[in-house]
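**Q** The structure follows.
All of the numbers you see were taken from the coordinates with simple rules; none came from a lab. Only a predicted model underlies this, so the values are computations on that prediction, with no experimental measurement involved. Neighbour counts are summed over all protein chains in view; Cβ atoms, including those assigned to glycine, are modelled from backbone coordinates with ideal geometry.
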Amino acid sequence: MDNTQIKPAKRLECFIADSAALIKEAQTLRYRVFAKEMGAKLKSEAEGLDYDEVDNYCDHLVVYDNANNKIVGYTRLLTEEQAKQLGRFYSQSEFNLDQVLALPGRFLEIGRTCVDPDYRGGAVLTTLWSALVEYALKGRFNYLLGCASITPGPSGFAVDAVYRNIDAKNIAPPSLQAAPSIPVPNELRCDRDESGIPPLLKAYLRFGALICGEPCWDEDFNCMDLFVLLPLDQLQERYSKHYMRDCQVSYEIENTTAL
């Protein structure tokens, strides 16, 4: 009798989508979050999908719920090599990144991060971050970059209030400022902080990310985007220790030749 026990599948798994069907399901989730929930104006709205030219070049990282057989979390990853094929990082459509991209090292861009409304509360985002760090470690990337979006409150965009809530250590020096292509118009600004810091941006900041200057106004998505730069060697130990340890062990096992 074979007494081998089959290890049950995890409830949540995170992996790179490897089929057109999974990518389309991820784009459907993106549509639900960005168009239906946030009110974004998408060129692909008639199809019930959110996609653009970047999708053809990037890796699609998904969190999958094995109990309910569906994608519940997502982010897309654009490597330096993929960005060269595309001709740019997505963030370059909103910010001047000349000073940032002059840094020595390799860059990995994160974008379109979203979580199914029924799954918000920590587990999905934690699973996504764990897989993201593993991807970045294996790829020998030095920096994560991307845009963190903040939707307006009833009175508008509380730009100054948001920046008052960001610790000084998370503000980039002048040498790493990324000027926005479209600053938030004065008539859309307000003083009251009615939206707060969203969970994704809080996660960036806890990991030691830098906010590189003033936000860009994204009219189509009705949000202001803050450009975020995360040096991987500055991940705060209390939030990354178990991720980095597990990823390093995995990397060493997979890349060790026979003794």
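**Q** If amide hydrogens are placed 1.01 Å from N in the peptide plane, which non-local residues have theirs closer than 5 Å to the one on CYS223?
**A** ASP218
**Q** Looking only at trypsin sites (Lys or Arg not before Pro) in DSSP loops with at most 16 other Cβ atoms within 10 Å, what is the longest site-free stretch of the chain?
**A** Longest run free of exposed loop sites: 193-259.
**Q** Relative contact order (percent) for the range 75-254, with alpha-carbon contacts under 8 angstrom and 6 or more residues of separation?
**A** After rounding, I find 26 percent.
**Q** Using Cα atoms only, what is the angle between the long axis of helix 20-31 and the major principal axis of the chain, expressed in degrees (0 to 90) to the nearest 10?
**A** 30
**Q** Now, a different point. Leaving out same-chain residues fewer than 8 places away, which lysines sit with a Cα under 19 Å from that of LYS24?
**A** LYS36, LYS41, LYS43, LYS70
**Q** To the nearest µm²/s, what D does Stokes-Einstein give for the range 1-104 at 10 °C and 1.306 mPa s, using the Kirkwood radius over alpha carbon pairs as Rh?
**A** My calculation gives 99 µm²/s for D.
**Q** Under 5 Å between amide H atoms, partner at least 5 residues away or on a different chain: which partners does ASP116 have, H built in plane at 1.01 Å?
**A** Under 5 Å from the amide H of ASP116 lie the amide H atoms of GLY73, each far enough along the sequence or on another chain.
**Q** Related question: Name the long-range amide H neighbours of PHE157: under 5 Å, sequence gap of 5 or more, or other chain; modelled H, no Pro or chain starts.
**A** Amide H neighbours of PHE157, under 5 Å, 5+ apart: ARG189, CYS190.
**Q** Could you check the simple spin-label distance between ALA67 and ASN142, using points 7 Å along Cα→Cβ, in nm with one decimal?
**A** Calculated label separation equals 4.3 nm.
**Q** Based on the Cβ-Cβ distance from SER19 to THR151, what FRET efficiency comes out when R0 is 30 Å, to the nearest 0.05?
**A** 0.40
**Q** Here is a follow-up. Taking the square root of 5 times each eigenvalue of the Cα gyration tensor, what semi-axes in Å does the equivalent ellipsoid of the range 170-226 have, largest first?
**A** They are 20, 16, 11 Å, listed largest first.
**Q** Under 15 Å from the Cβ of THR28, count the other residues' Cβ atoms, weight Lys and Arg +1, Asp and Glu -1, and hand me the total.
**A** Within the 15 Å Cβ shell, the charges total -3.
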